[in-house]
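The values are calculated or read from the model by the stated rules, or taken from the named source; none is laboratory data. This is a predicted model, so every value here is computed, not measured. Quick reminder, even Gly has a Cβ in these numbers, built from the backbone with ideal geometry, and neighbours come from all protein chains shown. For the accessible areas, the whole protein counts, side chains as well, though only heavy atoms, and no ligand, DNA or RNA atoms are used. Shrake-Rupley method; radii C 1.70, N 1.55, O 1.52, S 1.80 Å.
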Amino acid sequence: NKYLENMRMSICFNEAEFKHWLLPKKGVVYSYVVENEETGEITDFASFYSIPSTVMNNEKHSKIMACYGYYNVASEKTGWKTLMYNLLIQAKINGFDVFNMLDLMNNAEFLEDLKFGAGDGELHYYLYNWKIADIPKEKLGLVML
């Protein structure tokens, strides 16, 4: 929540919501932490969720295991690029073929360096009964499933 306070739009998780949405659930959500070995303090958090796709009319492949970057928080010590590089390794270890990432929050700090290719569209949120000004991508802290 402290990281998300810097965003112009974000969710504020209570403990039950955090557990529901972000604790690891095989086949659904994968979450990892970096712990300071000296103090035992959690310094970084990284997560992604799974959305596999069926491949039709292909004799060799029946599905593509795709995942999407979710909520991530990097400390200055670890840094965004290192944290996300390690998350990509975890996705591969867990059998994912494709890792997708939105270009919001601090994601611009690593997308190019880690060879993410730009997609063919842009994500647009429509919030019913809300009137808000446009929000720059780096200040949007809301990932919707």
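With +1 on the Cβ of every Lys and Arg and -1 on the Cβ of every Asp and Glu, and nothing else charged, how large is the dipole of the chain about its Cα centre, in debye rounded to the nearest 20? Let's see the in-between values first.
Values: 14 positive and 19 negative charges, 100 e Å.
In total the dipole reaches around 480 debye.
Here the 3J(HN,Hα) profile of the range 79-86, calculated from phi with Karplus coefficients 6.51, -1.76 and 1.60 at θ = phi - 60°, is x, 5, 4, 5, 4, 6, 4, 5 Hz, Gly and Pro shown as x. Across the accessible surface of the range 1-88, with the other protein chains kept in place and a 1.4 Å probe, carbon and sulfur atoms take up 53 percent.
Placing unit charges on each Cβ (+1 for Lys and Arg, -1 for Asp and Glu) gives the chain a dipole about its Cα centre, and among G95, N58, Y70 the Cα reaching farthest toward its positive end belongs to N58. In summary, the range 1-58 shows an alpha-carbon radius of gyration equal to 1.52 times the 2.2 N^0.38 Å reference for compact globular proteins. Diagonalising the gyration tensor over the Cα atoms of the range 24-87 and scaling each eigenvalue by 5 before taking the square root yields semi-axes of 32, 11, 8 Å, largest first.
Compared with the direct C-alpha span, the chain from D120 to V55 gains 21.4 nm at full extension, assuming 0.36 nm per residue. Each label was represented as a point 7 Å from its Cα along the Cα-to-Cβ direction; for T43 and K131 these points are 4.7 nm apart.
Shape descriptor for the chain: Rg over Rh equals 0.98 (Cα atoms; Rh from the Kirkwood inverse mean 1/r). Label separation (D113 vs N94): 2.3 nm, computed from points 7 Å beyond Cα along the C-beta direction.
Solvent-accessible surface (1.4 Å probe) assigned to C12 amounts to roughly 100 Å². Which of the three applies to the range 60-145, rounded, prolate or oblate, going by the alpha-carbon gyration tensor with a ≥ b ≥ c and a/c under 1.5 meaning rounded? Judged from the Cα gyration tensor, the range 60-145 comes out oblate (a/c at least 1.5, b/c at or above a/b). For D44, the residues 5 or more places off, or on other chains, whose built amide H falls under 5 Å of its own are V34.
In the context of the full protein assembly, D113 retains an accessible surface of approximately 90 Å², using a probe radius of 1.4 Å and ignoring ligands and nucleic acids. Only helical runs count toward this figure. For the chain, summing -39,500 (n - 2.57) over DSSP H runs of n ≥ 4 and dividing by all residues gives -4500 deg cm²/dmol at 222 nm. Packing order of peptides 101-107, 36-42, 26-32, highest average first: 101-107, 26-32, 36-42 (average count of other Cβ atoms within 10 Å over each peptide's residues).
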